Amino acid sequence: MMHVHIKICGFTEPVGMTAAIDAGVDSIGLVLDPSPRQLSLEQAIQLAEYVPDHVELIAVCGRPSVAEVAEISERLKPKFIQLMADSMPDPKHGFSILPAFEDGPDLLARVNAYCAQHAEDRPLVLADGPRPGSGITADWSRVEQLSDSMRLMLAGGLTPENVGAAIVRMRPFGVDVSSGVERTRGIKDPDRVRDFVAAVRSAEAQLGETP
């Protein structure tokens, strides 16, 4: 059966993060980029202690300098560092990067240009809404064109109420949520976290029944 990778980002305290881990998420994102959910590197290191080995830790960083990426990589030791694709460091640095793309009319051109520069087969890319972290939904009619040629991590405006439809429509590699499972900015609602995970797994089962 298809397994959809679940990534939840923007934790600022351990209660919501523990609820997400207990619910069965695949990765936890800690935001180091300026935002209402921003953590200092020291705070991120402390929260990372709650993340078990079987759950991936992702540092969400926006557009940091190479020196900042190096420090995050060395001290936090995330599985991936998520960066906006227009600020990607030279591959020679050897960082494990998850490239993120803001939605917009030229999304396909920007993603294709990135993929042309990276020889990896079916690269992993994150397609976000037009304003990452705002809860604004991406244009699904545009984003769904990416899922056949790459491993698509879908973000932007996902909620427990709409993630199932997104999965059935786009069959992404994974889904990423932050504001859609929050009680207030940076504080996750454990019930909405559990509802989101349940909606993803229900959509998986629905796809598994599709001939």
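Nothing in this text is a laboratory measurement; each read-out follows from the coordinates by a stated rule. Predicted, not measured: the structure shown is a model, and the values here were computed from it. Because the Cβ atoms are built from the backbone with ideal geometry, glycine has one as well, and the counts that use them run over all protein chains shown.
Within segment 5-208, what percent of beta bridges assigned by DSSP are antiparallel, to the nearest 5?
Beta bridges within segment 5-208, antiparallel portion: roughly 5 percent.
Using a Debye calculation, one point per C-alpha and no hydration shell, please list log10 I(q)/I(0) for segment 134-210 at q = 0.14, 0.22 Å⁻¹ in order.
-0.43, -0.99
How high is the relative contact order of segment 33-136, in percent, counting Cα pairs under 8 Å that sit 6 or more residues apart?
Answer for segment 33-136 is 21 percent.
Can you give the log10 of the normalised intensity I(q)/I(0) at q = 0.10, 0.13, 0.15, 0.18 Å⁻¹, computed with Debye over equal Cα scatterers of the chain?
Listed by q, the Debye log ratios stand at -0.39, -0.68, -0.92, -1.35.
Give me the percent relative contact order of segment 5-208, please, defined on Cα pairs under 8 angstrom at least 6 residues apart.
The normalised contact order for segment 5-208 reaches 20 percent.
Rank 62, 35, 149 by how far each Cα sits towards the positive end of the charge dipole of segment 5-208 (+1 on Lys, Arg Cβ; -1 on Asp, Glu Cβ) and give me just the farthest.
149
Could you work out the helix-only [θ] at 222 nm for the chain, with each DSSP H run of four or more residues adding -39,500 (n - 2.57) and the total divided by the number of residues, to the nearest 500 deg cm²/dmol?
It comes out at -9500 deg cm²/dmol, rounded to the nearest 500.
Considering only 20, 113, 70, give the residue with the highest GNM mean-square fluctuation for the chain, with springs between Cα atoms whenever their separation is below 10 Å.
Maximum among the listed residues: 113.
Between residue 41 and residue 121, what length in nm is gained on full extension when 0.36 nm per residue of separation is reduced by their alpha carbon distance?
25.5 nm
What distance in nm lies between label points placed 7 Å from Cα along the C-beta direction at residue 110 and residue 142?
Result: 0.9 nm between the two label points.
With +1 on each Lys and Arg Cβ and -1 on each Asp and Glu Cβ, how big is the dipole of segment 5-208 about its Cα centre, in debye rounded to the nearest 20?
180
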